[in-house]
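Structure, as structure tokens:
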Amino acid sequence: MEENNRLKLSRRDMIIGTTAAITAIAATKVTGVEAAKSNKIAVLEVSFVVNGKKQHLQLDTRTTLLDALREHLKLTGTKKGCDQGQCGACTVMVNGRRINSCLSLALQHEDDNIVTIEGLGSPDDLHRMQAAFIKHDAYQCGYCTPGQICSAVAVLEEINSGIPSHVSVNLNRSPSLNSDEIRERMSGNICRCGAYSNIVEAITAVAAKKI
Ligand code: FES
Ligand code: FES
């Protein structure tokens with residue numbers, strides 16, 4: 001009997017909680033719609049360097065770096081896959097370090113130096129990593145490839161700088177340039193086509209200065 005009362009109570013609590021949550025979500029939506037209608041969306045200016053060129057943008061404060069690059073600067077080489085930090089398709093380099101641009105607000109990057117796939121090389125003057133991906137057939141559909149290449153370039157810089165990974169055997173020594181290190185460090189870049197073994201070959205070739 002006591003057990004039944006507890007169950008009843010928790011069901012009642014659950015209904016009250018769910019109703020409150022739905023009301024809160026509805027209120028947020030209404031607030032958002034009203035703000036949009038009354039043009040009260042907060043807009044701020046941000047300045048950063050992208051592929052060597054200074055850019056000044058007026059952005060809705062909620063704009064991600066990925067959307068600023070793709071929608072505002074028309075640099076569509078950087079891809080939107082999951083838009084939630086799971087696939088690595090949006091990888092770019094900021095001040096020499098790779099990040100998932102979908103997880104970062106553009107306004108966080110005042111005065112930063114950003115490099116996208118377009119800034120690494122051009123069709124007439126490919127970066128060595130771009131050339132290696134072509135030579136080793138390290139892609140199929142190519143959707144993940146810009147992110148893979150930006151990540152790969154940053155991975156070699158990380159290893160050269162002595163930054164350890166989860167599979168580094170000795171933290172007192174510089175990490176080795178073996179395929180375990182490369183696979184671990186590239187694990188945040190998903191390839192639905194499964195071109196992984198060729199991607200590792202391409203990175204290994206660049207690391208060995210064979211390209
Ligand atoms: Fe950024 Fe997938 S789009 S991690
Ligand atoms: Fe198709 Fe990687 S080449 S998702």
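The values are calculated or read from the model by the stated rules, or taken from the named source; none is laboratory data. Every value quoted in this text rests on a predicted model; they were computed, and no experiment measured them. Positions of Cβ are generated from backbone atoms using ideal geometry, with glycine treated the same way; all protein chains shown enter the neighbour counts. For accessibility, only protein heavy atoms count, side chains too; no ligands or nucleic acids. Shrake-Rupley method; radii C 1.70, N 1.55, O 1.52, S 1.80 Å.
Conditions (1) buried (at least 23 other Cβ atoms within 10 Å of the Cβ); (2) in a helix (DSSP H, G or I), marked per residue:
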| position | (1), (2) |
| --- | --- |
| GLY88 | yes, no |
| LEU107 | no, yes |
| ASP111 | no, no |
| ILE114 | yes, no |
| GLY119 | no, yes |
| MET129 | yes, yes |
| ILE134 | no, yes |
State whether the residues of region 39-46 include one that is open to solvent by less than 40 Å² (accessible area, probe 1.4 Å), more than 30 Å from ARG192 (Cβ to Cβ) and either of a type in the set (S, T, N, Q) or modelled with pLDDT of 95 or more (or both).
yes
Which ones in region 139-173 are out of contact with any helix residue (DSSP H, G or I) (no Cβ under 7 Å at 6 or more places or on another chain), over 13 Å from ILE199 (Cβ atoms) and part of a helix (DSSP H, G or I)?
ALA154, GLU157, ASN160
Can you tell me which residue in region 90-105 is farthest from ILE163 (Cα to Cα), limited to those that are part of a loop (DSSP other than H, G, I, E, B) and more than 6 Å from ligand 1 (Cβ to nearest atom)?
SER104
Could you identify the single residue in LEU69, LEU126, LEU73, LEU120 that is away from ligand 1 (no atom under 16 Å from the Cβ) and closer than 23 Å to ALA42 by Cβ?
LEU73
What number of residues in region 159-179 are open to solvent by less than 20 Å² (accessible area, probe 1.4 Å) and in contact (Cβ under 8 Å) with a residue 24 or more places away in the chain?
1
